[in-house]
Amino acid sequence: MNENTQVPGGAISPQVIEGVFDLARDGLTGPLGEMIDAGVPLDVVNPRGDTLLIVAAYQQHPDTVAELLRRGADTSAINTMGQSAISCAVFRNNEVILRLLLEADADPRLGTHSGVAIADQFGLPRMREVIESYQRG
């Protein structure tokens with residue numbers, strides 16, 4: 001965020017945005033939903049280009065990931081490091097979150113550090129197997 005994030009009806013302060021990312025980071029799904037309901041954009045990004053979905057996936061909060069997906073979070077968002085929410089789930093070796101994202105039609109090949117690339121780079125055959133099972137089915 002430079003100064004404020006523009007949203008219909010006004011701007012949201014950087015402090016509010018930082019607080020919303022803290023909620024995603026901590027897996028506080030209810031309060032995060034309340035902030036989104038109050039006007040914080042679902043796909044707001046931080047200076048690293050992370051979305052709430054990317055942060056929740058990296059921090060391994062499946063309930064928060066599921067809620068963000070239910071609300072329509074963008075599964076194709078890529079941060080400044082070329083990572084998506086799927087990349088984070090694979091890197092953290094979290095099959096539950098990976099499956100949630102794949103069921104929401106997230107593409108495991110997006111980004112310069114895609115889920116597929118991370119599975120191969122870090123020797124995570126189970127993650128690659130899960131990805132392949134969704135691509136066949």
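As a summary of the residue check, R99 satisfies the conditions (1) surrounded by fewer than 19 Cβ atoms within 10 Å (Cβ to Cβ); (2) modelled with pLDDT under 95 except for the one numbered (2).
If you go through the stretch 91-137 and keep only what is touching a helix residue (DSSP H, G or I) at 6+ places or on another chain (Cβ under 8 Å), of a type in the set (D, E, K, R) and either within 18 Å of G49 (Cβ to Cβ) or assigned to a loop (DSSP other than H, G, I, E, B) (or both), you end up with R92, D107, R109. Each residue in the stretch 73-90 was checked for being assigned to a loop (DSSP other than H, G, I, E, B), of a type in the set (S, T, N, Q) and touching a Gly at 6+ places or on another chain (Cβ under 6 Å), and 4 of them qualify.
I'd like to check something: does the stretch 40-50 contain any residue that is more than 22 Å from I12 (Cβ to Cβ), in contact with a Lys or Arg (Cβ under 9 Å, 6 or more places away or on another chain) and not aromatic (F, W, Y)? No, every residue in the stretch 40-50 fails to be more than 22 Å from I12 (Cβ to Cβ), in contact with a Lys or Arg (Cβ under 9 Å, 6 or more places away or on another chain) and not aromatic (F, W, Y).
The values are calculated or read from the model by the stated rules, or taken from the named source; none is laboratory data. Bear in mind the structure is a predicted one, so any value in this text is a computation, not a measurement. Reconstructed Cβ throughout: ideal geometry from the backbone, glycine too, with neighbour counts over all protein chains shown.
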